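Structure first, commentary second.
The values are calculated or read from the model by the stated rules, or taken from the named source; none is laboratory data. In this text the structure is predicted, and so the values were computed from the model without any measurement. No Cβ is skipped: glycine too gets one built from the backbone with ideal geometry, and neighbour counts run over all protein chains shown. Surface areas here come from the heavy atoms of the whole protein model, side chains and all, with no ligands, DNA or RNA. Shrake-Rupley method; radii C 1.70, N 1.55, O 1.52, S 1.80 Å.
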Amino acid sequence: VKGEVPAKMGLEVNGDDVTIHGLAVEHTTEHQTIWRGERGNVQFYQCELPYDVCHEFSKANHLGYFVEDNVKEHHAAGVGIYSNFRDHDVHVEMAIKHPESKDIKIDHVFTVKLDNTGVIRSLVNGVGPAATEKGVPTRLE
């Protein structure tokens, strides 16, 4: 239901040495996940961006997975970000953003446009193909 019980953020991690196996965050109105802690480890992340946001979502550069600039070490694997912008033609610049560091690794990343309008233009830090075709995953090689 459009606008029902909106939440700004799904998960905010501020502590160090946090490991999560099987994390799903969906439909929040701002960043889906923000990671601020050191040595985080996520194995399997599923994220569906919100259906009913407008162009302000992309203008604010909201992301599916965001590792803050001060983080030095982080690992995530099996990361999928999905779009299904039902109400507006929303164009998100990237699914995931993290600081450039040899100790930050995001592996096995993909995006999928499930249906409707809009697009995720890149996967990680502006790199990777756009998810433009319904049901066809784009991967970062």
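How large is the accessible surface per residue of the chain, computed with a 1.4 Å probe and reported in Å² as a whole number?
I get 51 Å² per residue for the chain.
Rounded to the nearest 500, what is the chain's calculated 222 nm mean residue ellipticity when only DSSP H runs of at least 4 contribute -39500 (n - 2.57) each, over all residues?
Only helices count here, giving -500 deg cm²/dmol.
With r defined as the distance between the Cβ atoms of Asp17 and Thr117 and R0 fixed at 41 Å, what FRET efficiency is calculated, to the nearest 0.05?
So, using R0 = 41 Å, E works out to roughly 0.50.
Of Thr138, Trp35, Gly78, which is farthest on the positive side of the dipole of the chain, counting Cα position, with +1 on Lys and Arg Cβ, -1 on Asp and Glu Cβ, and the Cα centre as origin?
Thr138
I need the phi-derived Karplus couplings for the stretch 112-126: 6.51 cos²θ - 1.76 cosθ + 1.60, θ = phi - 60°, integer Hz, Gly and Pro marked x.
9, 8, 6, 5, 6, 10, x, 6, 9, 6, 8, 8, 10, 6, x
In the stretch 7-141, what percent of the accessible surface is made up of carbon and sulfur (1.4 Å probe, ligands and nucleic acids excluded)?
49
Please compute the modelled spin-label separation between Asp69 and His108, points set 7 Å along Cα→Cβ, answer in nm with one decimal.
Using points 7 Å along Cα→Cβ, the separation is 3.2 nm.
With springs connecting C-alpha atoms under 10 Å apart, model the chain as a Gaussian network and identify which of Glu30, Glu56, Glu48 has the largest mean-square fluctuation.
Comparing Glu30, Glu56, Glu48 in a Gaussian network model of the chain, the most mobile one is Glu56.
Are any of the pairs Lys72/Lys113; Lys59/Lys97; Lys59/Lys113 more than 21 Å apart by Cα-Cα distance, and if so, which?
In this structure, Lys72/Lys113 exceed 21 Å between Cα atoms.
Can you give the FRET efficiency to the nearest 0.05 for Glu133 and His55, using r as the Cβ-Cβ distance and R₀ = 25 Å?
For R0 = 25 Å, the calculated efficiency reads 0.70.
Please figure out what share of the DSSP beta bridges in the chain is antiparallel and state it in percent, rounded to the nearest 5.
Roughly 10 percent of the beta bridges in the chain run antiparallel, per DSSP.
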